[in-house]
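Have a look at the structure below, then the notes.
The values are calculated or read from the model by the stated rules, or taken from the named source; none is laboratory data. It should be emphasised that the depicted structure is a prediction, and the values quoted were computed from it without experimental measurement. We place every Cβ from the backbone using ideal geometry, glycine too, and count neighbours over all the protein chains shown. Just so you know, the surface numbers come from the protein's heavy atoms only, side chains and all, with ligands and any DNA or RNA stripped out. Shrake-Rupley method; radii C 1.70, N 1.55, O 1.52, S 1.80 Å.
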Amino acid sequence: VELSCIIKSTVTPDPRIEWKKIRNGETSYVFFGNKMQGDFATRAEILSRTSLVIKNTTRMDTATYRCEVAAPSDTKTIDEINIQLTVQ
């Protein structure tokens, strides 16, 4: 599965990007501090700096995934997008 977080424009040379998983009201990090977290460390990766690829998805991966971008030099310094993933 590939979840995309597209950054249209930024003047910040290296914006901070984080991915979080929200399931049953609990939020956990997927990608934080420029590395994959938890069980995602062995089965997920970041492509093109912004897209999250999860391999071997299971029903436990069904959740809302939030991409947060922090670009301190931009007019809009922080933005986020939520993506609902349902694994059947």
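Data table
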item: The range 55-72, residues that are assigned to a loop (DSSP other than H, G, I, E, B), open to solvent by 30 Å² or more (accessible area, probe 1.4 Å) and either within 11 Å of I22 (Cα to Cα) or of a type outside the set (K, R) (or both); result: N56, T57, T58, T62, P72
item: Hits in the range 24-54 (condition: at pLDDT below 95, closer than 29 Å to K8 by Cβ and not in a strand (DSSP E or B)); result: G33, N34, S48, R49, T50
item: Selected residue (criterion: least open to solvent (accessible area, probe 1.4 Å)) from residues of the range 35-53 that are without any contact (Cβ under 8 Å) to a residue 12 or more places away in the chain and on the phi > 0 side of the Ramachandran plot; result: G38
item: Residue within the range 54-66 that is without any contact (Cβ under 8 Å) to a residue 12 or more places away in the chain, at negative phi and charged (D, E, K, R) present; result: no
item: Residue in the range 5-20 that is modelled with pLDDT under 95 and touching a Leu at 6+ places or on another chain (Cβ under 9 Å) present; result: yes
